[in-house]
Amino acid sequence: MAAENSALPSQESNGNDSKKFKGDIRSPGIPSRVIHVRKLPNDINEAEVISLGLPFGKVTNLLMLKGKNQAFLEMNTEESAQTMVSYYSSVTPVIRNHPIYMQYSNHKELKTDNSPNQVRAQAALQAVNAVQTGSMSLSTVDGAGMGSQSPVLRVIVENLFYPVTLDVLHQIFSKFGTVLKIITFTKNNQFQALVQYSDGMTAQHAKLSLDGQNIYNACCTLRISFSKLTSLNVKYNNDKSRDYTRPDLPTGDSQPSLNAQTMAAAALTAPGIISASPYAGAHGFPPTFAIQQAAGLSLQGMPAGAFASLGVPGAAAAAAAAAAAGRLSLSGYTAGGNSVMLVSNLNPESVTPQCLFILFGVYGDVMRVKILFNKKENALVQMSDGTQAQLAMSHLNGQKLYGKALRVTLSKHTTVQLPREGHEDQGLTKDYSNSPLHRFKKPGSKNYSNIFPPSSTLHLSNIPPSVTEDHLRGLFLSSGAVVKAFKFFQKDRKMALIQLGSVEEAIESLIKFHNHDLGENHHLRVSFSKSTI
């Protein structure tokens, strides 16, 4: 360890960064170009750590502390480091099934030495930079593994029995590395996509693993080749194209491309990499990306263990739409696909089990909620399966609820225990497994295609004819929210959009008014909208 530590600035060479942050729950700290990355898998390589930073700017230095499962990554500017830390604070990156954590380091820059570890790191960095600037083609540099092919793959989906969305593609291709951009289009009556990774090696790995695979059973076959393009120019972030490094892009006027009827088709028998059919199984999502021999989903022609060991995709938008094209699950994630999350930094004055049930219920069916008796700012939330937990985690981690930023991670617990009979726990534990409010019980439900990140605009539905705009505005104003805009849907007055003053107000209003009784036997349905008014 001496050689590794000597690479750090002398006044902190005792590895303080790693000692201070034993727990996962901490603020990211004071911005710095140097990012401290923790909880790395044992077999991580330099290229994988570098790839965490590539979407956000140039990586200028790298220090690997393999013995501690940590690394320090130096970006070329503080701004790119800030973009990276803020992105990963809402979307936990996963490498080889390990959630990775990061925050700013106390160090303002990295000084590296000539120990063998550091020489390898420098070689890996040079390889990446050379590939990015196109100054040389490299197959492998000292185990860093950077390919010389284009980082852009051309994907044709044949036998398109079910619709395939951009987000489903993102979910599949994220298994192999950070996806930077995707463009989807139809050409010669074929659904096609261009997928850009940060480097050619990752693209090559994805191509080798996925070419010829079916997404769903017996259909949606992937045909993959390298594109002649080396970089994609994405103008809009919507359901047809997306640049994950530029969340600021406008949405353009894309129309939703999902049709629930076309998706709820019959289940087929030949294996696919996602599931038996998008809507197989009456409850919960069928197992995905885990090799389930029992269910008869052997993956033909798959490299041994290729999917069993894959991590859950990082990008928040990504996991979202897993659900959009059907009930996908990532049960290979941790043991059995852990469905229990630890939610911390709650406001104990305001948060109840019911409020967590409604909020987390936007992203899956909540089975049980337990607010911890001795630490009321912490709660356990159990979803009906591991994908839903991953989905909720990627959307809600970092969001503000009653003035405090939620911290959502997977729990060590695999179930939430109910109190033993006769043991009252002040109503802190609730069982919702039979709740009529579950949004995802019905196979083929439209709710699958309407899962979006928290936003200040809410989608309202199930509005009875007698309820006016003034009534609905008044309802939301009554809870202290600012109503910026409102509009009924032209074709269907049972639905409306309401734009509130902030995302936090929208989250609190959704919790308060979802299932609100509007009279005439109509209960208001509230979800987050991807549109603005």
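The values are calculated or read from the model by the stated rules, or taken from the named source; none is laboratory data. As the structure is a computational prediction, the values presented were derived from the model and not from experiment. A quick note on method: Cβ atoms are made from the backbone with ideal geometry, for glycine too, and the neighbour counts reach across all protein chains shown. Accessible surface is based on the protein model in full, side chains and every heavy atom, while ligands, DNA and RNA are left aside. Shrake-Rupley method; radii C 1.70, N 1.55, O 1.52, S 1.80 Å.
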On average, how much accessible surface per residue is there in the stretch 152-243, in Å², for a 1.4 Å probe, leaving out ligands, DNA and RNA? 37
Two-site label geometry, Asn515 and Ser435: point separation in nm, points 7 Å out along Cα→Cβ: 0.6
Give the long-range amide H neighbours of Leu180: residues separated by 5 or more places, or on another chain, with amide H under 5 Å away, using H modelled in the peptide plane at 1.01 Å from N. Gln196, Tyr197, Ser198
Sum up the charges of everything whose Cβ sits under 15 Å from the Cβ of Ile463, counting Lys and Arg as +1 and Asp and Glu as -1, but leave Ile463 out. +1
May I ask you to evaluate 6.51 cos²θ - 1.76 cosθ + 1.60, the Karplus curve with θ = phi - 60°, for each residue of the stretch 480-489 and list the ³J(HN,Hα) values in order in whole Hz, giving x for glycine and proline? x, 7, 8, 9, 8, 7, 8, 7, 6, 5
Identify all aspartates and glutamates with a Cα-Cα distance to Lys207 below 19 Å; exclude those on the same chain that are fewer than 8 residues away in sequence. Glu48, Glu158, Asp167, Asp199
For the stretch 452-528, accessible area per residue (1.4 Å probe, heavy atoms of protein chains only), Å²: 47
Of all accessible heavy-atom area on the stretch 340-443, the percent that carbon and sulfur account for (1.4 Å): 49
Using a 1.4 Å probe on the protein chains only, how many percent of the accessible area of the stretch 34-130 belongs to carbon and sulfur? 47
Under a 1.4 Å probe, counting only protein heavy atoms, Val85 has an accessible area in Å², nearest 10, of 10
If I ignore ligands, DNA and RNA and count only protein heavy atoms, how much of Met64 is accessible to a 1.4 Å probe, in Å² to the nearest 10? 0
Suppose every K and R has +1 on its Cβ and every D and E has -1 on its Cβ; what is the size of the dipole of the stretch 34-130 about the Cα centre, in Debye to the nearest 20? 260
Tally Lys and Arg at +1 and Asp and Glu at -1 over the other residues with C-beta under 13 Å from the C-beta of Ile358: what net charge comes out? +2
Roughly how many nanometres apart are two label points built 7 Å out from the Cα toward the Cβ at His471 and Ser225? 6.0
Shape of the stretch 475-522 from its Cα gyration tensor (a ≥ b ≥ c, root eigenvalues): rounded if a/c is under 1.5, otherwise prolate when a/b > b/c, or oblate? oblate
Roughly how many nanometres apart are two label points built 7 Å out from the Cα toward the Cβ at Asn159 and Phe488? 4.8
Net charge around Ile533, counting only other residues with Cβ within less than 10 Å of its Cβ (Lys, Arg = +1; Asp, Glu = -1)? +2
Listed here are the pairs Lys58/Lys400; Lys240/Lys512; Lys370/Lys446; Lys175/Lys404; Lys58/Lys181; Lys58/Lys108; which of them are more than 24 Å apart at the Cα? Lys58/Lys400; Lys240/Lys512; Lys370/Lys446; Lys175/Lys404
